[in-house]
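Written below as structure tokens is the structure these notes are about.
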Amino acid sequence: MHKILLMIGLTALLCACSSSTSTDSVNSDAVDAAANTPTSIAIRTIAEQIGASPEQITIRSEEAIEFNDSSLGCPKSGMSYMQVITPGHKVLAEYGGKIYDVRVAGSRGLICVKQASTSKKR
């Protein structure tokens, strides 16, 4: 009788552990998905690049865009880019009174700083 009760107790313990693990796995998947949204990538990009506190960054807008190349609409002088339609997002976020234009494609975030044209008009 003692062995039967021990087996029942162990079975219940194993079921509880496996149930907890699958719940933890589902919660972990949800956290991973939330960490890879365009807005969360934009916040993380600003925080990492300028040392901002993520809690102090406010998202102003998010727009899905198909960029004409892999520069995400922010080409840098002297760089070459793949000429391929690149699906992504344009996210405008505010920090410290300044608006940041962040371009996101996949898990990549880029603060877009438009460069002034160096060519002279005749």
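Please treat every number below as a calculation from the coordinates, not as lab data. These figures come from a predicted structure and were not determined experimentally. Backbone-built Cβ (ideal geometry, glycine too); neighbour counts: all protein chains shown.
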For the stretch 36-111, size of Cβ-based charge dipole, Lys and Arg +1, Asp and Glu -1, in debye: 140 debye
Charge context of Tyr81, other residues only, Cβ under 15 angstrom, K/R +1, D/E -1: +1
For Ile111, Ile85, order by how many other beta-carbon atoms lie within 10 Å, fewest first: Ile85, Ile111
Under 11 Å, Cβ to Cβ, from Phe67 - net charge with Lys/Arg +1 and Asp/Glu -1: 0
Convex hull volume per residue for the stretch 36-111, taking Cα atoms only, in Å³: 85 Å³
